[in-house]
Each structure stands twice: as C-alpha cells, then as structure tokens.
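Participant: One structure, pasted below without further comment.
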Amino acid sequence: MKALRSLVALLVLAGCSGIPNEEAFRYKLNNWIGHDVKDVTAAWGAPWKTYRAPTGDTIYTYKRGEPLADTCMVDLTVGPSQKVTGWRYSGTTCATTY
C-alpha cells in the first residue's frame, strides 16, 4: 500500500511539471536576449505598440489576454543594433499566454 501511495504521488508531481510557471516564462524571455527583433516578430507577430525610450532604445510591447480578465503585457527593449537587450512583464497570466 505504501508503494502504491508513493507511485501515485510521483505521478501527480510528474503531471504538474508540464504546467507553465513564472520561472519558465522568465527563462523564455531571457532566451530572446541577443536575438534580432525580426525573430521575435516572426514568432510572436506584430507588437501591440512600440515607442522610443529616453535612452534611444525602442520598446516593443506585446499584450495578450481577455479585455475584462487579467492581461499580460511584455515589454522587450531593442537597442540600435535591432537586438533584444532586455525585457519586463506585468500580469499574472503571462506564463500561460506566451
């Protein structure tokens, strides 16, 4: 019986490992650092908006989610070389929407 409970617990934990989480999402964003912004737009589509930061970098903002629910917003910082140099995000559903 003890072996059966251990097996069930192991299967439950293994099943949960596929659920997206914040750490995995941050890892995904870190992987974009150094990539050309064209690679991002090819993968994610056109940004919701872009704007010029005071530093001269361009910020590409991606927005996903339902209008009345939690929305995930991701800002990718793109330098003059058109390479992604940084990111930030807000929202609690980002790990499941990207």
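Participant: State the extension gain, in nm to one decimal, for the chain segment bounded by residue 85 and residue 57, taking 0.36 nm per residue of separation less the distance between their alpha-carbons.
Facilitator: Stretched fully, the residue 85-residue 57 segment lengthens by 9.2 nm.
Participant: Once every Cα of region 20-97 carries one equal point scatterer and solvent is ignored, give the base-10 log of I(q)/I(0) from the Debye formula at q = 0.12, 0.24 Å⁻¹, two decimals.
Facilitator: Values returned for q = 0.12, 0.24 Å⁻¹ are -0.32, -1.19.
Participant: Within straight cross-link reach of residue 63, meaning Cα distance under 16 Å, which aspartates and glutamates are found once same-chain residues fewer than 8 apart are removed?
Facilitator: 75
Participant: Something else now. Just order 90-96, 21-27, 79-85 by mean Cβ neighbour count inside 10 Å, highest at the front, would you?
Facilitator: Output ranking for 90-96, 21-27, 79-85: 90-96, 79-85, 21-27.
Participant: Just rank 29, 76, fewest to most, by other beta-carbon atoms within 10 angstrom.
Facilitator: If I rank by nearby Cβ atoms, fewest first, I get 29, 76.
Quick note: the coordinates plus some simple rules give every number you see, no bench work behind them. Quick caveat: nothing in here was measured; it's all calculated off a predicted structure. Cβ atoms come from the backbone with ideal geometry, glycine included; neighbour counts cover every protein chain shown.
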